[in-house]
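K.L.:
The following block contains the structure, expressed as structure tokens.
The values are calculated or read from the model by the stated rules, or taken from the named source; none is laboratory data. Just so you know, these numbers come straight off a predicted model, no measurement behind them. As a convention, Cβ positions derive from the backbone with ideal geometry for all residues, glycine included, and neighbour counts pool all protein chains shown. SASA here: full protein model, heavy atoms, side chains in, ligands and nucleic acids out. Shrake-Rupley method; radii C 1.70, N 1.55, O 1.52, S 1.80 Å.
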Amino acid sequence: MNTVYIDQSKKKYSKSQFIKYFEAKVMRTIRKYDMLGKDKIIVAISGGKDSLTTAHILNKILSKQGRILEAILIDEGIEGYRKPTIEDAKRFCKKESIKLHIISTKKEFKFGVDEALKKLRINPCTICGTMRRYLLNKYARKLKADKIATGHNLDDEAQTIMMNQYKGNIQLSAKLGPVTGAIENKKFIKRIKPLYFVTEKEVTIYTTLKNFGVSYNECPNSKDNFRSLVRDQLNELENRYPGVKSGIINSFLEQLPSLRNAPKNKIVECKSCREPSSRQVCSMCELLEKYRK
Ligand code: ZN
């Protein structure tokens, strides 16, 4: 047997066994959290391995039921990085018959991450994340979506949980979990994460075996930031003590109900743009004001 993967219990997998194992794990997550129902699903695509894997598996399920999957890609204006991933996403969506909507921050706000970085002393991932979250929600709502599926995997989630812990922001973790929506609001589209229990390594193997033809380029802004440090640290821990990442996720899921029950801000409409926000003025409008100053 040509072994492509060995799991924690030392069980060996061939190519076809691994694909079956991986897809079954994702399906279990989708069923356990009733992620799809009869809802209209929009998948957030970046062109990278996680989002294409999410799109592929969702499309497989939905097309069997005669349902159509649409995708949104946010072009956040990072020179040299985004262009090839847009081409990857276009090629992939065409092959899978997924309707792709590309939303550009430059069209929407007249600037992208690159321009913002020249003017503002703000962490690039904060600028990018703010724009992406805002536009994803706004356009998914315009497309009448009930849920947005994202490609977050177990590693991403474990990193975010630990980053919030390290920074003393545990309350922010109430927004995490396989299905988000700690606070219900009709303008705020729920997020689902079908890859919640699969690791980064497993996704990489799956995309390679399935020949999705994705580039594994990292965003130029992500080098040496806080997240990449936490990621390296968790990878080292996992190598020496297999299972620590799942340990973080499982402990977190036990705590999540109480985190969500804690007194929290209400979702209100942003005074300036009317989009949902936890504050009077949303973080996107705040960013716009700083940029235009
Ligand atoms: Zn606003």
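K.L.:
Exposed loop sites here are GluC sites (Glu not before Pro) in DSSP loop states with at most 13 other C-beta atoms within 10 Å. What is the longest stretch of the chain lacking them?
P.N.:
Working: sites that count: E79, E184, E218.
With a cap of 13 other Cβ atoms within 10 Å, the longest stretch comes to 80-183.
K.L.:
Let me ask you something else. Output the antiparallel fraction of DSSP beta bridges having both residues in the chain, as a percent to the nearest 5.
P.N.:
Working: 5 of 20 bridges.
In the chain, approximately 25 percent of DSSP beta bridges are antiparallel ones.
K.L.:
Given a 1.4 Å probe and every protein chain left where it sits, what share in percent of the accessible area of region 206-293 is carbon and sulfur? All intermediate terms of the calculation are to be shown ahead of the outcome.
P.N.:
Details: 2720 of 5690 Å².
Here carbon and sulfur together make up 48 percent of the probe-accessible area.
K.L.:
Specify the inter-centroid distance of region 2-28 and region 105-176, based on alpha-carbon positions, in whole Å.
P.N.:
31 Å
K.L.:
So if I restrict to the alpha-carbon atoms in region 13-159, what is the Rg, and what is Dmax, the biggest pairwise distance, in Å?
P.N.:
So, for region 13-159, Rg and Dmax equal 16.4, 51 Å respectively.
K.L.:
Probe of 1.4 angstrom, ligands and nucleic acids ignored: what's the accessible area per residue over the chain, in square angstrom? Each step should come with its number before you reach the end.
P.N.:
Working: 15800 Å² over 293 residues.
Value returned for the chain: 54 Å² of accessible area per residue.
K.L.:
I'd like the distance between the alpha-carbon centres of region 227-243 and region 64-82, rounded to an integer number of Å.
P.N.:
That distance is 30 Å.
K.L.:
Something else: How tilted is helix 124-142 with respect to the longest principal axis of the chain? Cα atoms for both, answer in degrees (0 to 90, nearest 10).
P.N.:
The angle comes out near 90 degrees.
K.L.:
Taking Cα atoms, how many degrees apart are the long axis of helix 49-64 and the longest axis of the chain, rounded to 10 and kept between 0 and 90?
P.N.:
With rounding to tens, the tilt is 80 degrees.
K.L.:
Within the chain, what is the longest stretch that has no chymotrypsin sites (Phe, Trp or Tyr not before Pro) placed in a DSSP loop and near at most 15 other beta-carbon atoms within 10 Å?
P.N.:
Values: sites that count: Y33, Y216.
With a cap of 15 other Cβ atoms within 10 Å, the longest stretch comes to 34-215.
K.L.:
Another question about this same structure. What 222 nm value per residue comes from the helices of the chain, counting each DSSP H run with n ≥ 4 as -39,500 (n - 2.57) and dividing by all residues, nearest 500 deg cm²/dmol?
P.N.:
Numbers: 11 runs with 147 residues, N = 293.
Using -39500 (n - 2.57) per qualifying helix, the result is -16000 deg cm²/dmol.
K.L.:
Once you've got the Cα coordinates, tell me which of K64/K106; K193/K245; K90/K245 are over 27 Å apart.
P.N.:
Values: K64/K106 37 Å; K193/K245 17 Å; K90/K245 33 Å.
In this structure, K64/K106; K90/K245 exceed 27 Å between Cα atoms.
K.L.:
Measure nothing fancy, just the Cα-based angle from helix 154-166's long axis to the longest principal axis of the chain, in degrees from 0 to 90, nearest 10.
P.N.:
Computed tilt is about 50 degrees.
K.L.:
Return one quarter of the surface area of the convex hull spanned by the alpha-carbon atoms of the chain, equal to its mean projected area, in nm². Kindly include the intermediate steps, with their values, before the conclusion.
P.N.:
Numbers: hull surface 63.4 nm².
For the Cα atoms of the chain, the hull's average projected area reads 15.8 nm².
K.L.:
Does region 80-156 classify as rounded, prolate or oblate by the C-alpha gyration tensor (a ≥ b ≥ c root eigenvalues; a/c under 1.5 gives rounded; else a/b over b/c gives prolate, otherwise oblate)?
P.N.:
It is prolate, given that a/c is not under 1.5 and a/b is the larger ratio.
K.L.:
Work out, in µm²/s and without decimals, the Stokes-Einstein translational diffusion coefficient of region 162-257 at 10 °C, 1.306 mPa s, Rh from Kirkwood over C-alpha pairs. Walk me through the numbers before you get to the answer.
P.N.:
Details: Rh = 15.8 Å.
Reported coefficient: 100 µm²/s.
K.L.:
Give, in nm to one decimal, the length gained when the segment between R67 and E79 is fully stretched (0.36 nm per residue of separation minus the Cα-Cα distance). Don't skip to the end; give the middle numbers.
P.N.:
Numbers: separation 12, 0.36 × 12 = 4.32 nm, distance 3.53 nm.
Here the segment from R67 to E79 would lengthen by 0.8 nm.
K.L.:
Loop only by DSSP, 16 or fewer other Cβ within 10 Å of the Cβ. Give me the trypsin sites (Lys or Arg not before Pro) in region 68-163 that pass, ordered by residue number. Display every interim value, and only then the final one.
P.N.:
On the way: sites: R82, K90, R91, K94, K95, K99, K106, K107, K110, K118, K119, R121, R132, R133, K138, R141, K142, K144, K147; in loops: K110, R121, K144.
Of the trypsin sites (Lys or Arg not before Pro), the ones in loops of region 68-163 whose Cβ has at most 16 other Cβ atoms within 10 Å are K110, R121, K144.
K.L.:
Ok, one more. On the protein heavy atoms, probe 1.4 angstrom, tell me the percent of accessible surface of region 1-109 carried by carbon and sulfur. Walk me through the numbers before you get to the answer.
P.N.:
Details: 2940 of 5770 Å².
C and S atoms contribute 51 percent here.
K.L.:
Moving to a separate point now. So for the pair K11, K210, with labels modelled 7 Å out along Cα→Cβ, what separation do we get in nm?
P.N.:
So the label points at K11 and K210 sit 2.1 nm apart.
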